[in-house]
Amino acid sequence: MQDNIFLSPHFKLREFTESTTAQKHGIANEPPPEAVENLRRLCEGCLEPLREKLGLPVIITSAYRAKALNNIIAHSSQNSQHMQGQAADFYVSGPAESADSAERTPSTGSGTGSHRERLIMAFRLILTSESIDFDQLILYPNFIHVSYVSREANRHSILLGCSDGKLGYGRISLQNALKLK
């Protein structure tokens, strides 16, 4: 697999396939060509325009998942869009954080607001920008899940993730989503 190929100006394929869980369990997390194209569309339709508008790195924490990987991840759906390369989980890096962070976990950096403030800023941009599209958008306490199918098929489903340690979620209206802090 050519994991160093660019999907868009700021995103490389390896960012969407790296998984410590897959490595730990000896799972080859290599996407088929159609999943790579889906990841490219996700970047072009959502993540790259978001990165451009934010002016800050968007750090992918989970994206493509081979079926074997998806099966061992807690709280994952058997119909997960991650398996088709149509979804990514991410956070927004602060100025002192690196996109090549070894841990690839959120920090509570400052300079452009707290970790949560940067998540809310990204969430609102996705919801309000005409140049950013999405199928499903879920704001969790420490990350955002976004999926993208195509401009014609996106459902624009807005959800709020649980803050009680579970990965469940519930639907919210655009008006309520824009009020979140």
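The values are calculated or read from the model by the stated rules, or taken from the named source; none is laboratory data. Fair warning: this is a prediction, and the values are worked out from it, not measured in the lab. As a convention, Cβ positions derive from the backbone with ideal geometry for all residues, glycine included, and neighbour counts pool all protein chains shown. For the accessible areas, the whole protein counts, side chains as well, though only heavy atoms, and no ligand, DNA or RNA atoms are used. Shrake-Rupley method; radii C 1.70, N 1.55, O 1.52, S 1.80 Å.
Taking every protein chain into account, the accessible area of the chain amounts to 50 square angstrom per residue (probe 1.4 Å). Between R155 and R116, full extension at 0.36 nm per residue minus the direct alpha carbon distance yields a gain of 11.5 nm.
Compared with the alpha-carbon gap, the fully stretched path from C162 to T128 is longer by 10.0 nm at 0.36 nm per residue.
For the chain, the residue among I72, P57, A35 whose Cα projects farthest onto the positive side of the dipole built from Cβ charges is I72. Full extension of the chain segment joining S77 with L54 gains 5.3 nm, where the gain is 0.36 nm per residue of separation less the Cα-Cα distance. Residue-wise HN-Hα couplings along region 68-83, as the Karplus relation 6.51 cos²θ - 1.76 cosθ + 1.60 with θ = phi - 60° gives them from phi, are 4, 5, 4, 5, 9, 7, 4, 6, 8, 8, 5, 10, 4, 5, 4, 5 Hz; Gly and Pro carry x.
Could you pull out which residues in region 40-63 have an amide N less than 20 Å from a spot 7 Å beyond the Cα of E30, following the Cα-Cβ vector? What the label zone holds, given the 20 Å backbone N cut-off, is 40, 63.
Of K53/K179; K67/K179; K12/K67; K24/K181, which sit over 28 Å apart, Cα to Cα?
The answer is K67/K179; K24/K181.
From the Kirkwood radius over Cα pairs of the chain, Stokes-Einstein at 25 °C and 0.890 mPa s returns a whole-number translational diffusion coefficient of 149 µm²/s. Protection proxy ranking, highest mean first, for peptides 67-74, 119-126, 10-17: 10-17, 119-126, 67-74, where packing is the per-residue count of other beta-carbon atoms within 10 Å, averaged.
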